Amino acid sequence: MKTATYARAVSWFRHNVSEFRIGVFLIVLGAPVTAVGSVLYAVSAPGFSELVIGLAFLITGLAMTSSEADHRARRAAELPSSGTVDR
């Protein structure tokens, strides 16, 4: 059953969380996990799963961020410059 709180949360999420922000979050999460996994793997500890998960987060975040960056550049080019109106 959907409540008013659920509807507000979904509305907030749709307005404030973009693909670019999710990509940045995945990069921030994936970089240290990859680093820890590679160190554990290098010292012969069981770190292969951490390495793979970190690389998956990192690569997915980079792909999401780069695809959204192209859309942001296009939107910025379409905006009118500094509030002036062409007549």
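The values are calculated or read from the model by the stated rules, or taken from the named source; none is laboratory data. Treat the numbers as computed from the prediction; the structure is a model and nothing was measured. With ideal geometry, Cβ positions are generated from the backbone for all residues, glycine too; neighbour counts draw on all protein chains shown. Heavy atoms of the whole protein, side chains included, go into the accessibility calculation; ligands, DNA and RNA do not. Shrake-Rupley method; radii C 1.70, N 1.55, O 1.52, S 1.80 Å.
A few notes on this one:
- Candidates Glu78, Glu68, Glu50 - the one that is at pLDDT 90 or above and charged (D, E, K, R): Glu50
- Residues located in region 38-60, provided they are closer than 18 Å to Leu26 by Cβ and touching a Phe, Trp or Tyr at 6+ places or on another chain (Cβ under 7 Å): Leu51
- Within region 12-26, if we keep just the residues that are in a helix (DSSP H, G or I) and touching a residue at least 24 places away in the same chain (Cβ under 8 Å), the residue that is surrounded by the fewest Cβ atoms within 10 Å (Cβ to Cβ) turns out to be Glu19.
- Single match in Ala9, Ala45 (criterion: open to solvent by less than 80 Å² (accessible area, probe 1.4 Å), in a helix (DSSP H, G or I) and among the small types (Gly, Ala, Ser)): Ala9
- Failed item, numbered, when Leu51 is tested on (1) out of contact with any helix residue (DSSP H, G or I) (no Cβ under 8 Å at 6 or more places or on another chain); (2) open to solvent by less than 50 Å² (accessible area, probe 1.4 Å): (1)
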